[in-house]
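> One structure is given below, represented as structure tokens, and several questions about it will come after.
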Amino acid sequence: MQLDGKRVIVTGASRGIGRAIAIAMAKEGAAVLINYVSHGTEAQEVLREVQALGVAAALFQADVSRRDQVEAMFDAAWNEFGGIDCLINNAGIETIVPLTELTDEQWQRVSDVNARGPWLCSQVFARRLIAEARAGAIVNLGSVQAGVALPGRTHYAPTKRGLEALTANLACELAQHRVRVNCVHPGLIETDMTQWVMANPDILPQVLKGIPMARAGQPAEVAPAVVFLASDASSYITGQHIYVDGGMVIV
Ligand code: NAP
């Protein structure tokens, strides 16, 4: 299996894409730490699903934007698994708010979770890997919105554009320490985050017109790209981007 012997943290793994990644990782033999912040019942269900696949698993509640909580999560992972080989920065939030109505608090929260979170988790992870002279992999979950402008996303889109720069700069700085960093950009994927689009017959057809494959993707269709970039099958790939978007962004 692709991830035999690997130990993985998936942030925001209680629902949606993160949940699918956690399960796909476990199917490939990885020990998985499932992170969540508020949906404890859903996270417990993911824990049970992962454990049923016969791999080691743990659950940890932490806000990825809070240093004390992130440090505690990595402490728990080291105690539970003896270390971590792969970090999947999946946790993210999106709200749709016109520029003129956006509050400082809304801007700050999206920025804290989507931009500071991956930076903070990567820093804590990298410090530990470097201290132990161990190789590792980081996969960030970006978005097609890093490059596609839509109304109401002046807070969200910059965090995803920023993740492109974060991926490039982490990849550049950490290559000497044998830590690879790559990014997967989902398009329209059917999760709680996109429920408002999927359930809206006025909006959905418009959105689908912009997708050559003319359908939304499922979380399980994003996970294989993440597994590949976390695994040794991508051992000479760093600083790269994979779009999982039905052709929405074709460059
Ligand atoms: P989702 O269904 O809304 O799930 C979000 C996940 O992030 C949940 O597990 C949530 O935990 C977790 N989370 C939120 N804030 C957190 C925090 N402060 N600390 C730790 N965990 C936190 O979202 P999704 O659609 O699966 O999206 C996953 C990632 O893909 C995000 O980065 C998103 O921006 C990106 N993305 C999604 C789409 C799409 O179409 N769905 C498209 C492009 C990019 P709780 O359940 O505990 O709240």
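Read-outs: derived from the displayed coordinates by stated rules, not from any lab. Everything numeric in this text was worked out from a predicted model, so none of it was measured. Here the Cβ positions follow ideal geometry from the backbone for every residue, glycine too, while neighbour counts run over all protein chains shown.
> Cα to Cα, under 13 Å, and not fewer than 8 places away if on the same chain: which aspartates and glutamates meet these conditions relative to Lys27?
Those aspartates and glutamates meeting the cut-off are Asp4, Glu49.
> What do you get when you divide the Cα radius of gyration of the stretch 3-104 by 2.2 N^0.38 Å, with N the number of residues?
1.14
> Continuing with the same structure: Per-residue ellipticity at 222 nm for the chain, helices alone: DSSP H runs ≥ 4 residues times -39500 (n - 2.57), over residue total, nearest 500 deg cm²/dmol?
Computed ellipticity for the chain at 222 nm equals -13000 deg cm²/dmol.
> Something else: Helix 16-27 versus the longest principal axis of the chain: what angle, 0 to 90°, nearest 10, using Cα atoms?
Taking the Cα atoms of the chain, the angle to 16-27 is about 30 degrees.
> Name the residue farthest towards the positive end of the dipole of the chain from the options Ala31, Val50, Ala72, assuming +1 on Cβ of Lys and Arg, -1 on Cβ of Asp and Glu, about the Cα centre.
Ala31
> Enter the angle in degrees (range 0 to 90, nearest 10) between the Cα long axis of helix 117-132 and the first principal axis of the Cα atoms of the chain, meaning the one along which they spread out most.
Roughly 20 degrees, rounded to the nearest 10.
> Sequence neighbours fewer than 8 away in the same chain don't count; with that in mind, list the lysines whose C-alpha is under 26 Å from Lys160.
Output for Lys160: Lys209.
> In the chain, how does Rg compare with the Kirkwood Rh, expressed as the Rg/Rh ratio over alpha carbon atoms?
Numbers: Rg = 17.2 Å, Rh = 18.1 Å.
Result: Rg/Rh = 0.95.
> May I pose another question? Diagonalise the Cα gyration tensor of the stretch 66-213 and give the resulting equivalent ellipsoid semi-axes, square root of 5 times each eigenvalue, largest first, whole Å.
32, 17, 14
> I'd like the orientation of helix 156-174 relative to the chain: the angle between its Cα long axis and the longest Cα principal axis, in ° from 0 to 90, rounded to 10.
That works out to roughly 30 degrees.
> Okay, next question. Give me the dipole magnitude in Debye, nearest 20, for the chain about the Cα centre, with unit charges on the beta carbon: positive for Lys and Arg, negative for Asp and Glu.
Around 440 debye, computed over the chain.
> Quick one: check the C-alpha center-to-center distance for the stretch 42-78 versus the stretch 197-251, whole angstrom.
What the calculation gives is 25 Å, centre to centre.
> About the Cα centre, and with charges only on the beta carbon of Lys, Arg (+1) and Asp, Glu (-1), how big is the dipole of the stretch 1-83? Nearest 20 debye, please.
In total the dipole reaches around 160 debye.
> Report the residues of the stretch 82-105 in range of a label on Ala56: point 7 Å along Cα→C-beta, backbone N strictly under 15 Å from it.
Those under the cut-off are 82-86.
> Just subtract the alpha-carbon distance of Val197 and Arg67 from 0.36 nm times their residue separation and send over the number in nm, one decimal. It would help to have the intermediate numbers written out before the result.
Working: separation 130, 0.36 × 130 = 46.80 nm, distance 3.33 nm.
Here the segment from Val197 to Arg67 would lengthen by 43.5 nm.
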